[in-house]
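Dropping a structure here in C-alpha cells format, bear with me for questions.
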Amino acid sequence: MEFLKVLENKLFDLRSNFNFRSIRSISNGAEKYITIDGKKLLNLASNNYLGLTNNKVIKNMSIEGIKRFGTGASSSRLITGNNILYDELEREISDFKNKQNSLVLNSGYCANLAALSIAKNCDIFMDRLCHASLIDGAILIGARFHRFKHNDLDHLEKMLKSSNNQKVIVTESVFSMDGDKCDLVNLVKLSKEYDAFLILDEAHATGIFGNGRGLAHEYSLENDVHLNVGTFSKALGSLGGYLSGDKVTIEYLINFARSLIYTTALPPSVIAANLAALKFIRENPSCGAVLLQISDDVRNYLKSLGFETLNSSSQIIPIVLGDSEKTLRAQEMLFDMGLFVAAIREPTVPTNFARLRISLRSDLNLDEVKLIKQAFTSLAGKI
C-alpha cells in the first residue's frame, strides 16, 4: 500500500537522524530505582520529584476511593461522572492556589487545552518554549497566535503594542526542558499595562516552589495571575490537571472546554489520591526547598565539569550536547554506569539542541548524589 510506504519513509528519516523513538519496557518507572533490560538504575528521568507515587498514605487513600466509589466514573463530569470527591478536591485546590474556583480535568494536557479555550477571538502571546499542550490548545481554537522569544519581555511588549484585540499572555513558571523560570514579576506588570489575561502553567513548580504552592505563591502574585494551571502527575505523584481562577472564568470553562465536556471523568481512586497528595504538600511545605538545595549542588558540580546547563534554576537540569547521536551515546554511557537519564531530541527541542534532561528528586541521599557526580565526571572525560 502506497500510504504505508510514505509512513515507512518518514520512520526511515527519523532513524537516519537518530530521532526515532520506541517505548521501553520499564519496571516501576516512577520510582527512585527502575529496572530496564534486567539492569537496576538510579532514575533521573521521572517527574516524581517528591517521590510520592509510592507514598503509603496516598496509596491507602486511593484504595479507599475504590472501596467507596468503585473503579470508574463511567461518564463525563457533566452527566454523571462527577462525585463528592471531585467537589472536595476543587475546594482544596482553590484554597491551595488562593483562587475563587477550580476545575479538575483528566491530565495536564487536557487542562492546557481547556485553558486556551478562553482565548478564542483573542490575540495569544506565548513564550516560544511553552509546552506542546499549550500550543495545541491555541491551534485547536484557531486563534491568532504569536510566540515571543524565550523570556524576552521586550519582544513580548513589542507584540502587545501591535495588537488592537483582547490579549492573552501564556507562559510556564518552570520550563520543562530548560529548567529555568519565567520572569513572573515583569510578566504581571506587562499584563496589567496592556490589559492582558495571564495564563500561568505551574506544572513543574507546584510542590517545589512557594512552599509547594508554586511560583506565583513564592512571589505573592497569586491574585495577579488570572488562570493558574497545574497537574497532579508530577510532584504530586498521581494523575490529572486543574485550572484555578475567578468564578466567571471557571464557569466559562465548564461550558466551553472540549477537553472537559467530551471525556469520561477520572476514576475515584485518582481523585482520592490527589486529595491525599495535596494534604501531604500542606503538611510538608519544605520538601521543595530540600530538592532545590540538592539541585543547586548537582548543577554547580556539572557546570564545574564544563557542561552546558543553560539557565536552569530548578530540579530540571539540561545538559546540552547538540546532536542527537552524541546525546544517545551519552545516555548509553550513563546507563552502563547505573543512571537512567532522558535523551531529549527534536522535535521536543530545536535542531542542534539535543540534550540529556536530568530530573532530580527530594529523596536522593548523599551516596546517590555522589554516584551522579562520579558518573558525570566520567562522562565528561569521554563525550
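Which of the DSSP-defined H helices in the chain satisfy a minimum axial length of 15 Å, computed from C-alpha atoms, and a minimum mean Kyte-Doolittle hydropathy of -1.0? Intermediate results must be reported in sequence, preceding the final value.
On the way: long enough: 2-16 (21 Å, -0.14); 56-69 (20 Å, -0.14); 84-97 (20 Å, -0.61); 268-283 (23 Å, 0.81); 287-304 (26 Å, 0.16); 324-336 (18 Å, -0.75); 366-380 (21 Å, 0.45).
Passing helices, by number: 2-16, 56-69, 84-97, 268-283, 287-304, 324-336, 366-380.
Nearest 5 is fine: what % of DSSP beta bridges in the chain come out antiparallel, could you say? Walk me through the numbers before you get to the answer.
Numbers: 26 of 46 bridges.
Of those bridges, close to 55 percent are antiparallel.
Between Lys192 and Val369, what FRET efficiency follows from the Cβ-Cβ distance if R0 is 41 Å, with the result rounded to 0.05?
Values: r = 42 Å, r/R0 = 1.03.
For R0 = 41 Å, the calculated efficiency reads 0.45.
Among 336-346, 138-148, 100-110, what's the highest-first ranking by average C-beta atoms within 10 angstrom per residue?
On the way: 336-346: 19.3, 138-148: 16.8, 100-110: 21.1.
Result, highest mean Cβ count within 10 Å first: 100-110, 336-346, 138-148.
Still on this model: Nearest-5 percent of antiparallel DSSP beta bridges in the stretch 55-283? The partial results should precede the final answer.
On the way: 11 of 29 bridges.
Antiparallel bridges make up about 40 percent of those DSSP assigns within the stretch 55-283.
Let me ask something else. With springs only between Cα atoms under 10 Å apart, run a GNM on the chain and tell me which of Pro350, Pro268, Pro318 wobbles the most.
Sorting by GNM fluctuation, first place goes to Pro350.
Let me ask something additional. Could you rank the peptides 12-25, 252-265 by their average count of other C-beta atoms within 10 Å per residue, with the highest value first?
On the way: 12-25: 10.9, 252-265: 17.2.
Per-residue mean Cβ counts within 10 Å order the peptides as 252-265, 12-25.
Over the stretch 1-109, what number does the Rg to Rh ratio reach, with both radii from the alpha-carbon atoms and Rh per Kirkwood? Could the numbers behind the result be given before it?
On the way: Rg = 20.9 Å, Rh = 18.6 Å.
We get a ratio of 1.12 for the stretch 1-109.
At His155 and Ser286, where each label point lies 7 Å from the Cα along Cα→Cβ, what is the point-to-point distance in nanometres?
Each label point is offset 7 Å from its Cα along the Cβ direction, giving 4.1 nm.
Then there is this: Show me 307-315, 208-216 ranked by packing, highest mean number of other Cβ atoms within 10 Å first.
Working: 307-315: 20.4, 208-216: 25.2.
Per-residue Cβ counts within 10 Å, averaged per peptide and sorted highest first, yield 208-216, 307-315.
Hey, which of these cross-link pairs are over 26 Å Cα-Cα: Lys39/Lys370; Lys59/Lys247; Lys59/Lys370; Lys149/Lys247; Lys32/Lys59? If you can, show how the numbers build up before the last one.
On the way: Lys39/Lys370 20 Å; Lys59/Lys247 32 Å; Lys59/Lys370 31 Å; Lys149/Lys247 32 Å; Lys32/Lys59 17 Å.
Exceeds cut-off: Lys59/Lys247; Lys59/Lys370; Lys149/Lys247.
Set Lys and Arg Cβ to +1 and Asp and Glu Cβ to -1, take the dipole of the stretch 12-109 about its Cα centre, and tell me which of Ser22, Leu78, Leu89 lies farthest positive.
Towards the positive end, the residue furthest out is Ser22.
If you place +1 on the Cβ of every Lys and Arg and -1 on the Cβ of every Asp and Glu, how big does the dipole about the Cα centre of the chain come out, in debye to the nearest 20? List each step's numbers first, then the result.
Numbers: 44 positive and 42 negative charges, 128 e Å.
Dipole of the chain, to the nearest 20 debye: 620 debye.
Right, next: Give, in nm to one decimal, the length gained when the segment between Ile254 and Thr351 is fully stretched (0.36 nm per residue of separation minus the Cα-Cα distance).
Details: separation 97, 0.36 × 97 = 34.92 nm, distance 3.86 nm.
Result: 31.1 nm gained on full extension.
In addition: What is the Cα convex hull volume of the chain when expressed per residue in Å³? Kindly include the intermediate steps, with their values, before the conclusion.
Values: hull volume 61.7 nm³, N = 383.
Convex hull of Cα atoms, per residue: 161 Å³.
Can you give the extra length, in nm with one decimal, that the chain gains between Gln100 and Glu308 once fully stretched, where that is 0.36 nm per residue apart less the Cα-Cα distance? Walk me through the numbers on the way to the answer.
On the way: separation 208, 0.36 × 208 = 74.88 nm, distance 4.18 nm.
Gain in length upon complete extension: 70.7 nm.
In nm, what is the difference between 0.36 nm times the number of residues separating Ala132 and Ser74 and their Cα-Cα distance? Working shown, then result.
Details: separation 58, 0.36 × 58 = 20.88 nm, distance 2.86 nm.
Extra length from Ala132 to Ser74 when fully extended: 18.0 nm.
Let me know the volume per residue of the alpha-carbon convex hull for the stretch 55-283, in Å³. Working shown, then result.
On the way: hull volume 24.0 nm³, N = 229.
Per-residue hull volume (Cα only) is 105 Å³.
About the Cα centre, and with charges only on the beta carbon of Lys, Arg (+1) and Asp, Glu (-1), how big is the dipole of the stretch 55-283? Nearest 20 debye, please.
Values: 25 positive and 26 negative charges, 106 e Å.
Using Cβ point charges on Lys, Arg, Asp and Glu, the stretch 55-283 gives about 500 debye.
Of the options Ser378, Gly38, Leu305, report the single residue whose Cα projects farthest towards the positive end of the charge dipole of the chain (beta-carbon charges: Lys, Arg +1; Asp, Glu -1).
The Cα lying farthest towards the positive end belongs to Gly38.
Taking other Cβ within 10 Å of each residue's Cβ, how do Met333, Met126 sort, fewest first?
Numbers: Met333 17, Met126 24.
Result, fewest neighbours first: Met333, Met126.
Readers should treat all values here as calculations from the given coordinates under stated rules, not as data from a laboratory. Computed from a prediction, not measured in an experiment: that's the story for all the values here. Glycine gets a Cβ as well: all are built from the backbone with ideal geometry, and neighbour counts include every protein chain shown.
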